[in-house]
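A short write-up of the structure that comes next.
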Amino acid sequence: MPGLIRRNDIDEVRSRINIADIVGDYVTLKGAGVGSLKGLCPFHDERSPSFHVRPQVGRYHCFGCGEDGDVFSFLQKMDHTSFTEAVERMAARVGYELHYEDGGQANSDHGNRARILAANQSAAEYFVSQLVTPDAEPARVFLGKRGFDPSAAERFGVGFAPKTGLTKHLKTLGYTEAELVASGLVGQGDRGTYDRFRGRLVWPIRDVTGQTLGFGARKLLDDDQGPKYLNTPETAVYHKSQVLYGLDLAKRDISRGRQVVVVEGYTDVMACHLAGVTTAVATCGTAFGVDHIKVVRRVLGDVENSDTTGTGEVVFTFDPDEAGQKAASRAFTEEQRFAAQTFVAVAPDGLDPCDLRLERGDDAVRRLVQSKKPMFEFMIRRVLAGHNLDTVEGRVAALRASAPVVAGIRDQALNVGYVRNLAGWLGMDPDEVGRAVSAARARTPEIPREVRSFGEPEAAAPVLEQGPSLVNLPIDPSTRLERDALMAILQQPTLIGRGLVERASQVAFANPSLAVVRDGVMASMDLFDSAEWLARVIDEVPAPFAMLVKELGLAPLPEREGRELTLYCQAVTTDLIARDLLRRKAELLGQSQRTDAAAEPEKYRALQVELVRIEAERRALRSE
């Protein structure tokens, strides 16, 4: 066991490190007077910066939460390392040789976390070396077809995982089997351990400091029975809800340009960067959520009443398909957690940034970001697109559906402007639209500032009770059905079955608060049969809706135990799906009646085909 690091060496390393450089890897810092820098505190949630760093004295202090310390304590708290490991990391950074009391040697392990990071780095280097081997031909073909040459692969650290060899290679470097399992590089099965990534194209997923936390891997071979994309599982260093692919490459330009572009995949990030959009990042196998927002805000320097020039921008790119539209809805529910302006960019012809670059060149990718539309406008127009604005009934329904969106705009000037815009898009009187928006606002619980800032400090906990709850839900039959179905889904998901729950999570909800819970269910399906199911749904919904999820998950179901409970849960979920099918059938019948079969035969035929399909699905649901 190594001895303690000598005090003189600790002081020497501290003096050689500029604390602003280290903190700057995690937080965007800006000048705050002579000898001081400030940024958003990484230890608590805030909208105005109260976290100050003084490089001259080598310390930081937050005037909001009281956190205080030097470069070593900062690393200990941010990366959950020991003091010794923090000192050894900084000594390695500046090339200083440490000495230990009693003649001890440096601890080569640096703790479990450091060993995992080291194993990941060794694996990343191994994967890169394998990309030039004959077995990696499918990987090189894949990259080439998507417009990425060897220099692009090198820039992003892309590699190839052969079917076998990683475990053996890493063991020759001194890593134990237990360490490899802990890192997620190796899986544990009934027949022993195995390489997790086999025959796949591999991207390293790094943190803001450039350390490799995990990997994302794309299936290449026909005999691979695994998912299309496979990621590192949750480990001591890899938490998918907190990492963004490409952030290590984009952070400087995000901070300088005060813009971040959120895309949907690894190749999209590569395409954007190569096309000159060097602020692009992507989530890793999960939806863009609250923890991602925290990371982005710190790097973006996203503050209210900022004294910096200009306003930050967050640009989301979404595919126009159903999955992309659902992603847009989720992003919209979190929009007001940003102080920055939020935008949406949708590529023409349904192309993602990678395909857009392939078909139309780098300039088309840059134009995609430049053609962004404000998030509110995008969502309002999306709501309007679901209604027939050629009829009075359609326009009234569109107003009722879009008024809550406008009512949710906090900025008063923007609110007034969108009332006018909505009136113009609907061809209705602005006063009438304003009244509808005011009525919608009166029905929508105000989200407290503390909660909008995505934090859940103890002082704000009582405020959360002001959010929607079971007692203030309407008691009409439609809302009761949605409520009862969600109670069954949250409490007894396995009795209902994954198939029914997935279908129920995709139906339209009339009650907007319960619709948020439905979205949380949809985002949590990967933990469907886990003991963490309810906790995951609570984590997925915006903070004001957490109490509602807890209540739905704990309120007694109106049925006894045993078979009756199973039948009830399945029946109420089936009723919810059947109601949605009936709604869709009614909409199709209405469209069919308004369509002239002689003038528009193709449209009329398509409507009839869809009607037949919906009716068949209804019958199948009843028979089940």
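The values are calculated or read from the model by the stated rules, or taken from the named source; none is laboratory data. For clarity, every value in this text was computed on a predicted model and none was experimentally measured. We place every Cβ from the backbone using ideal geometry, glycine too, and count neighbours over all the protein chains shown. The accessibility values were calculated without ligands, DNA or RNA, using every heavy atom of the protein model including side chains. Shrake-Rupley method; radii C 1.70, N 1.55, O 1.52, S 1.80 Å.
Identify the residue in region 565-624 that is assigned to a helix (DSSP H, G or I) and among the acidic types (Asp, Glu) and, among all such residues, is most open to solvent (accessible area, probe 1.4 Å). Among those residues, the one meeting the criterion is 602.
Among the residues making up region 189-202, those that are out of contact with any strand residue (DSSP E or B) (no Cβ under 8 Å at 6 or more places or on another chain) and assigned to a strand (DSSP E or B) are 189, 192.
Listed here are the residues, each with its yes/no results for (1) loosely packed, with under 14 Cβ neighbours inside 10 Å; (2) without any contact (Cβ under 8 Å) to a residue 60 or more places away in the chain.
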| site | (1), (2) |
| --- | --- |
| 7 | yes, yes |
| 12 | no, no |
| 19 | no, yes |
| 27 | no, no |
| 36 | no, yes |
| 43 | no, yes |
| 56 | yes, yes |
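Taking the criterion of being open to solvent by less than 10 Å² (accessible area, probe 1.4 Å), touching a Lys or Arg at 6+ places or on another chain (Cβ under 8 Å), outside any helix (DSSP H, G or I) and among the small types (Gly, Ala, Ser), the only residue of region 252-288 that qualifies is 275. Look at residue 119 and say whether it is open to solvent by less than 30 Å² (accessible area, probe 1.4 Å), of a type outside the set (Lys, Arg), touching a Ser or Thr at 6+ places or on another chain (Cβ under 6 Å) and not in a loop (DSSP other than H, G, I, E, B). For residue 119, the condition - open to solvent by less than 30 Å² (accessible area, probe 1.4 Å), of a type outside the set (Lys, Arg), touching a Ser or Thr at 6+ places or on another chain (Cβ under 6 Å) and not in a loop (DSSP other than H, G, I, E, B) - is met. Taking the numbered list (1) in contact with an Asp or Glu (Cβ under 6 Å, 6 or more places away or on another chain); (2) open to solvent by 30 Å² or more (accessible area, probe 1.4 Å); (3) within 22 Å of residue 120 (Cα to Cα) in turn, residue 213 passes all entries but (2). Working carefully through the options 131, 170, find the one that is of a type in the set (A, V, I, L, M), in contact (Cβ under 8 Å) with a residue 12 or more places away in the chain and within 21 Å of residue 233 (Cβ to Cβ). Just one listed residue meets the conditions, 170. Among all positions in region 355-362, there is no residue which is in contact with a strand residue (DSSP E or B) (Cβ under 7 Å, 6 or more places away or on another chain) and modelled with pLDDT of 90 or more. Being over 18 Å from residue 176 (Cβ atoms) and buried (at least 16 other Cβ atoms within 10 Å of the Cβ) is the filter; apply it to region 97-116 and report the residue that is modelled with the highest pLDDT. Within region 97-116, the match that is modelled with the highest pLDDT is 98.
Within region 221-243, the residues that satisfy the criterion of being more than 17 Å from the chain's Cα centre (by Cα), open to solvent by 40 Å² or more (accessible area, probe 1.4 Å) and not charged (D, E, K, R) are 221, 225, 227, 236.
Scanning region 516-535 for residues that are touching a residue at least 24 places away in the same chain (Cβ under 8 Å) and either open to solvent by less than 50 Å² (accessible area, probe 1.4 Å) or not in a helix (DSSP H, G or I) (or both) yields 516, 517, 518, 519, 520, 521, 523, 525, 528, 529, 533, 534. Could you check, for region 123-142, whether at least one of its residues is touching a strand residue (DSSP E or B) at 6+ places or on another chain (Cβ under 7 Å), modelled with pLDDT under 95, crowded, with 17+ Cβ neighbours inside 10 Å and not aliphatic (A, V, I, L, M)? Within region 123-142 (the criterion being touching a strand residue (DSSP E or B) at 6+ places or on another chain (Cβ under 7 Å), modelled with pLDDT under 95, crowded, with 17+ Cβ neighbours inside 10 Å and not aliphatic (A, V, I, L, M)), the answer is no, since none of the residues qualifies.
The strands (runs of 3 or more DSSP E) found wholly in region 14-89 and carrying at least 3 residues that are of a type outside the set (Ser, Thr, Tyr) and touching a strand residue (DSSP E or B) at 6+ places or on another chain (Cβ under 6 Å) occupy 37-39, 51-54. Among the candidates 555, 543, 620, the residue that is in contact with a helix residue (DSSP H, G or I) (Cβ under 9 Å, 6 or more places away or on another chain), of a type outside the set (Val, Ile, Thr), closer than 30 Å to residue 401 by Cβ and at pLDDT below 75 is uniquely 555. Before we move on, is residue 172 open to solvent by 50 Å² or more (accessible area, probe 1.4 Å) and at pLDDT 90 or above? Here the answer is yes, as residue 172 does meet what is asked.
Evaluation of residue 249 against the conditions (1) within 18 Å of the chain's Cα centre (by Cα); (2) modelled with pLDDT of 85 or more; (3) surrounded by fewer than 24 Cβ atoms within 10 Å (Cβ to Cβ) shows that the sole unmet condition is (1).
Applying the condition of being closer than 23 Å to residue 552 by Cβ and of a type in the set (A, V, I, L, M) to region 563-598 and asking which residue is modelled with the lowest pLDDT yields 565. Could you say which residue among 441, 420, 503, 480 is modelled with pLDDT of 90 or more, open to solvent by 60 Å² or more (accessible area, probe 1.4 Å) and more than 29 Å from residue 298 (Cβ to Cβ)? Going through 441, 420, 503, 480 in turn, just one is modelled with pLDDT of 90 or more, open to solvent by 60 Å² or more (accessible area, probe 1.4 Å) and more than 29 Å from residue 298 (Cβ to Cβ): 420. Contact annotation: residue pairs with Cβ atoms under 6 Å, 6 or more positions apart or on different chains, pairing a residue in region 538-552 that is under 21 Å from residue 484 (Cβ atoms) with a partner that is modelled with pLDDT of 85 or more and open to solvent by 30 Å² or more (accessible area, probe 1.4 Å), are 546/538; 549/538.
Scanning region 359-385 for residues that are surrounded by 15 or more Cβ atoms within 10 Å (Cβ to Cβ) and closer than 12 Å to residue 275 by Cα gives 360, 362, 364, 365, 366, 367, 368, 369.
Cβ separations smaller than 8 Å between residues 6+ apart or across chains give the following pairs from region 392-409 residues that are within 12 Å of residue 380 (Cα to Cα) to residues that are outside any helix (DSSP H, G or I) and open to solvent by 40 Å² or more (accessible area, probe 1.4 Å): 398/386; 398/387; 398/389; 401/386; 401/387; 404/444; 407/444; 408/444.
Would region 78-89 turn up any residue that is open to solvent by 50 Å² or more (accessible area, probe 1.4 Å) and among the small types (Gly, Ala, Ser)? Taking every residue of region 78-89 in turn, at least one turns out to be open to solvent by 50 Å² or more (accessible area, probe 1.4 Å) and among the small types (Gly, Ala, Ser).
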